[in-house]
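The values are calculated or read from the model by the stated rules, or taken from the named source; none is laboratory data. Given the structure is predicted, the values throughout are model-derived calculations rather than measurements. Neighbour counts are summed over all protein chains in view; Cβ atoms, including those assigned to glycine, are modelled from backbone coordinates with ideal geometry.
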Amino acid sequence: MQTITAIKPTLRDPTRWSIKVGRKFVGALPQAEIEELGLKVDTPWTAELMQRVDRAAQYDKIYRSAIFRIGRRMYSTADLAKKLKMSKYQPTPEIVAQVIEKCQSLGLLDDQAYGRALIHDIQLSRPAGPRLLQTKLMQKGLDRSLIEQLIRETEGDRDDFEAAMGMAQKKWQSLARLPMQKARQRLYGQLARRGFEMSTISRVMENLDWNSLADASEDEWA
């Protein structure tokens, strides 16, 4: 029966140890995992031990992939799980679930914090109403109840009417040469696509000073 012939720290990362069976490299694991598995030189290399080492090595690879991704940007739980499942290492669903749970326990994954940050970034880029925010959050795999909670929580930080009004006043310049009715319809549609509620859009349309906008447009094209 073959045995483990060498367990040595890797050159790139001394906290991870390479394992050899005979002359063959069979994997690399963190030192803590080496100790947990009870791996030592001359340990018999059984089929059961090989499976345990393979599984531990796959977990290690997926976990390091998760840490690398999280270090570059924030992820939602569902979004990170999806990326990990597509890994070239082809992890089992069980390993992905364990890695996700580990990241959550370390505070590296927090869907609530992620959702708040995403709402802030979306609004910082362009005006956005609650319906668009809801759609964007759903696309990232956040739970529906959490999305509703986040939308309610950020109401105090948002002024949907002011945001929609500011967008309408800017957009009008590109619509001013259209017939008034068509321009109003186009503007309504643009505000709707940015996720503003119908009540907010109606209020904007009622409060826009259409005569002043028309006069300003005529001056612009004079």
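Residues that are under 16 Å from residue 204 (Cα atoms) and not in a helix (DSSP H, G or I) were ranked within the range 139-180; the one that is modelled with the lowest pLDDT is 158. In the range 81-107, the qualifying residues are those that are touching a helix residue (DSSP H, G or I) at 6+ places or on another chain (Cβ under 6 Å) and part of a helix (DSSP H, G or I), and the one that is surrounded by the fewest Cβ atoms within 10 Å (Cβ to Cβ) is 85.
Entry remark, the range 53-80: residues being of a type in the set (Lys, Arg) and exposed (fewer than 13 other Cβ atoms within 10 Å of the Cβ) number 2 in total. Would you check if there is a residue in the range 19-40 being part of a loop (DSSP other than H, G, I, E, B) and in contact with an Asp or Glu (Cβ under 9 Å, 6 or more places away or on another chain)? For the range 19-40, residues part of a loop (DSSP other than H, G, I, E, B) and in contact with an Asp or Glu (Cβ under 9 Å, 6 or more places away or on another chain): present.
Inside the range 113-133, residues that are hydroxyl-bearing (Ser, Thr, Tyr) and surrounded by fewer than 18 Cβ atoms within 10 Å (Cβ to Cβ) make up a count of 1. Annotation note: Cβ proximity below 9 Å between a residue of the range 68-87 that is touching a residue at least 12 places away in the same chain (Cβ under 8 Å) and outside the structural domain of residue 143 (by TED's automatic domain parsing) and a residue that is buried (at least 18 other Cβ atoms within 10 Å of the Cβ) and of a type in the set (Asp, Glu) (sequence gap 6+ or interchain) occurs for 76/111; 77/111; 78/111.
A quick yes/no check of all residues on (1) small (Gly, Ala, Ser); (2) touching a residue at least 40 places away in the same chain (Cβ under 8 Å):
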{"site": "89", "(1), (2)": "no, no"}
{"site": "93", "(1), (2)": "no, no"}
{"site": "102", "(1), (2)": "no, no"}
{"site": "105", "(1), (2)": "yes, no"}
{"site": "111", "(1), (2)": "no, no"}
{"site": "114", "(1), (2)": "no, yes"}
{"site": "117", "(1), (2)": "yes, yes"}
{"site": "124", "(1), (2)": "no, no"}
{"site": "127", "(1), (2)": "no, yes"}
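Checked against (1) assigned to a loop (DSSP other than H, G, I, E, B); (2) among the hydroxyl-bearing types (Ser, Thr, Tyr); (3) within 14 Å of the chain's Cα centre (by Cα), residue 114 meets all criteria but (1).
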